[in-house]
1. For LYS26, only one of the following conditions fails: (1) assigned to a helix (DSSP H, G or I); (2) at pLDDT 95 or above; (3) out of contact with any Phe, Trp or Tyr (no Cβ under 8 Å at 6 or more places or on another chain). What is its number?
2. Name every residue in segment 69-93 that is surrounded by 23 or more Cβ atoms within 10 Å (Cβ to Cβ) and away from the ligand (no atom under 16 Å from the Cβ), in order of residue number.
3. For segment 33-68, give me each residue that is outside any loop (DSSP other than H, G, I, E, B) and exposed (fewer than 14 other Cβ atoms within 10 Å of the Cβ).
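The values are calculated or read from the model by the stated rules, or taken from the named source; none is laboratory data. Computed from a predicted structure; not experimentally measured. With ideal geometry, Cβ positions are generated from the backbone for all residues, glycine too; neighbour counts draw on all protein chains shown.
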Amino acid sequence: MLPDGRVEKLLRAATLAAVLEAPLSKVVKRPLLEARRILRRFPGVGEPGADRLLLFSRARPLLGLESNGLRVLVRLGFGQDHPHYARTWREVTARVSPEAGDSVPFALRAHLVLRHHGQTLCTRSRPRCDACPLSADCPSAAPGAGPHGGRAGSKHVSASR
Ligand code: SF4
């Protein structure tokens, strides 16, 4: 992004924060739907970003999946890779959220572990299924890496966010 764009974004965010007349530390404690709606008014914050803000502020036990964690879960069979990133995100989030429970530390750890797994082993273009501890149960594991004999990347999440 050009510096001009960043400045404009910051100004819009600061203006909105002033209009809200509440520190964000209080906004994140509002009822979930209201907090999400408010956070999404900030420039550059979509559904995933709003959930991440709620997670990292330790206000809500949401997974707040980013693209790496999302890709891992799609390959593990928790959803499909739709052409529209938001649809994939919503589908996977809806499927895994009940398993996340109501513990913020657990959700934070799950978020970080999934992101790390997607960054290091289950990478976008060259997943290392041979070194993956999940390969035995992964329907997308590369041939020979698990009992399913699937092909890693066949459930490819292409979004780069
Ligand atoms: S087995 Fe391969 S595709 Fe499945 S989670 Fe591990 S790295 Fe990803």
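1. All conditions are met except number (2).
2. Matches in segment 69-93: TRP89 only.
3. LEU33, GLU34, ARG37
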